[in-house]
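The values are calculated or read from the model by the stated rules, or taken from the named source; none is laboratory data. The shown structure was predicted, so the numbers you read here are calculated from the model rather than taken from an experiment. When we count neighbours, we look across all protein chains shown, and the Cβ atoms used for this are built from the backbone with ideal geometry, even at glycine.
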Amino acid sequence: QVSEVMSPRPLTIGPDELAAEGLHLFDTRTTTVDGKPRRVGDMPVVDDEGRPIGMLMLKDLLQTGIV
C-alpha cells in the first residue's frame, strides 16, 4: 500500500533554498511512515503556496558531487 512507503506529511524545501540546506534536512530529519521513523532520501520542492514543483534527491546530490 502507498501508506507503507509514503509519508502523509513529507518534509519539503523551497525552490530558493540551497542544496546545503536540503543536505542538512536529509542528515538530521526523519519522517514517519506507517508509524515507523524513516530516514529521508528525497524531498518535494514546493512553491510559496505548497504546490509541488520538483524533487530534491539525496542520490542526485551525491552523483553531482555537491556533497
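See the values below:
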item: Close pairs from the stretch 28-46: first surrounded by 15 or more Cβ atoms within 10 Å (Cβ to Cβ) and at pLDDT below 80, partner outside any strand (DSSP E or B) and of a type in the set (D, E, K, R), Cβ under 6 Å, at least 6 apart; result: 40/29
item: Answer residue from the stretch 47-67, given it is surrounded by 10 or more Cβ atoms within 10 Å (Cβ to Cβ) and of a type in the set (Asp, Glu) and is farthest from residue 16 (Cα to Cα) among those; result: 60
item: Cross-chain or 6+ apart pairs with Cβ under 7 Å, the stretch 1-20 first and closer than 13 Å to residue 35 by Cβ, then hydroxyl-bearing (Ser, Thr, Tyr) and modelled with pLDDT under 85; result: 7/31; 7/32
